[in-house]
Amino acid sequence: MKFYSINSSSNKKILGNYPQIKGEKHNCHVWDDEKFIDRLEFKEVNFEPITSNAILYASSNLTDLINISSIGFGRKLLVSNKLKSIIDSKNKDDVKFFKSNLIQNGKEITNYWITNPSRSRLNFINFKKSKVFLTKNYSTIIKQLNITNLEDFLKEKAKIKYPFTIIIKNVNIKKDVNSDFFVLTDISGGIKYIVSKKLKNEIQYEDCTGIEFQPIELELNEWLNCQKRIEKYGKY
């Protein structure tokens with residue numbers, strides 16, 4: 001089965017304005033409040049966390065995936081009710097969705113949701129066919145590591161101290177994986193929300209906007225320079 005990561009579009013023609021967001025409205029002290037959503041990744045959440053509100057430019061379009069990565073929205077997806085419903089139909093508790101209304105022209109826009117990751121499916125990765133690197137500051141590659149299974153990866157990760165880390169690149173998924181939606185961590189970009197080709201096709205059939213689907217075996221620079229990507233999504 002082929003898999004893709006969900007990426008935000010940066011095409012101004014689709015977004016209406018790039019960047020799409022001009023600011024955020026935070027509803028608590030983001031560094032101190034234990035209920036702020038940024039403090040709840042991969043934790044059991046049995047209450048309604050405090051979310052922020054993205055403030056759109058007047059000329060920004062209301063896409064189904066909003067392009068934003070600031071405090072309150074980093075490592076998350078900000079999605080419309082339609083896209084949330086499609087994803088959630090295949091979601092096996094890998095993410096939780098919480099209300100996160102938008103603000104545009106001073107008016108609040110409901111029916112938008114923020115994801116909060118609950119589980120990372122590192123056990124889905126075929127480490128023999130993926131590449132694992134020791135890096136510094138998440139960007140400078142020191143060397144490639146000989147990691148062939150999840151157990152060795154976790155042992156190696158436990159040894160590493162900041163500013164060093166290990167990152168999985170050119171991800172390959174095991175052939176017996178049949179999940180249509182899941183989350184991966186410890187990869188380029190820090191975290192990715194993964195969909196199967198089947199779910200990708202369903203999202204596209206429903207005309208969801210603001211999304212690019214990056215084949216997970218390609219790194220971001222490879223994808224941005226890929227001719228097929230340029231032909232489909234443009235150079236933005």
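The values are calculated or read from the model by the stated rules, or taken from the named source; none is laboratory data. Quick caveat: nothing in here was measured; it's all calculated off a predicted structure. Cβ placement follows ideal geometry from the backbone for every residue including glycine, while neighbour counts extend to all protein chains displayed. Each accessible area value is taken on the protein alone, full model and side chains, heavy atoms only, with ligands, DNA and RNA left out. Shrake-Rupley method; radii C 1.70, N 1.55, O 1.52, S 1.80 Å.
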Which of the chymotrypsin sites (Phe, Trp or Tyr not before Pro) across region 6-54 are loop residues per DSSP, with 13 or fewer other Cβ within 10 Å?
31, 42, 47
Return the loop-located trypsin sites (Lys or Arg not before Pro) in region 18-50 (DSSP other than H, G, I, E, B) with at most 15 other Cβ atoms within 10 Å of their own Cβ; answer none if there are none.
35, 43
Putting +1 on Lys and Arg Cβ atoms and -1 on Asp and Glu Cβ atoms, find which of 118, 183, 57 reaches farthest to the positive end of the dipole of the chain.
183
Here the Kirkwood hydrodynamic radius of region 1-158, Cα-based and in Å, equals 17.8
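About the Cα centre of the chain, what is the dipole size in debye to 20, counting +1 per Lys and Arg Cβ and -1 per Asp and Glu Cβ, all else neutral? Can you show the working numbers first?
Working: 39 positive and 27 negative charges, 148 e Å.
Taking the Cα centre of the chain as origin, the dipole is about 700 debye.
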Quickly estimate the mean residue ellipticity at 222 nm for the chain, helices only: each DSSP H run with n ≥ 4 gives -39500 (n - 2.57), and the total goes over all residues, rounded to 500.
-4500 deg cm²/dmol
Mean shadow of region 126-236, computed from the convex hull of its alpha carbons, in nm²?
8.1
Quick calc, residue 28 & residue 99: beta-carbon distance into FRET formula, R0 22 Å, rounding 0.05, result 0.90
Given backbone amide H placed at 1.01 Å from N, residues whose amide H is under 5 Å from that of residue 138, ignoring those fewer than 5 places away on the same chain, are 165
Of the beta bridges DSSP finds with both residues in the chain, what % are antiparallel, to the nearest 5?
90
Which far-off residues, 5 or more places away or on another chain, put their amide H under 5 Å from the one on residue 169, with H placed in the peptide plane?
131, 132, 133
Please work out the average accessible area per residue across the chain, using the 1.4 Å probe convention, and give it in Å².
52
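Roughly how big is region 85-186's charge dipole about its Cα centre, with Cβ charges of +1 (Lys, Arg) and -1 (Asp, Glu), in debye to the nearest 20? Mind dumping the intermediate values first?
Numbers: 19 positive and 10 negative charges, 81 e Å.
Value, rounded to 20: 400 debye.
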Can you tell me the dipole magnitude for region 131-236 around its Cα centre, using point charges on the Cβ only (Lys, Arg +1; Asp, Glu -1), in Debye to the nearest 20?
440
A 1.4 Å probe over the protein heavy atoms gives region 136-180 a carbon and sulfur accessible-area percentage of 48
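Taking a 32 Å limit on the Cα-Cα distance, which of the listed pairs 128/198; 13/76; 35/174; 43/136 fall beyond it? Mind showing how you got there, number by number?
Numbers: 128/198 25 Å; 13/76 23 Å; 35/174 36 Å; 43/136 27 Å.
Violating the 32 Å Cα-Cα cut-off are 35/174.
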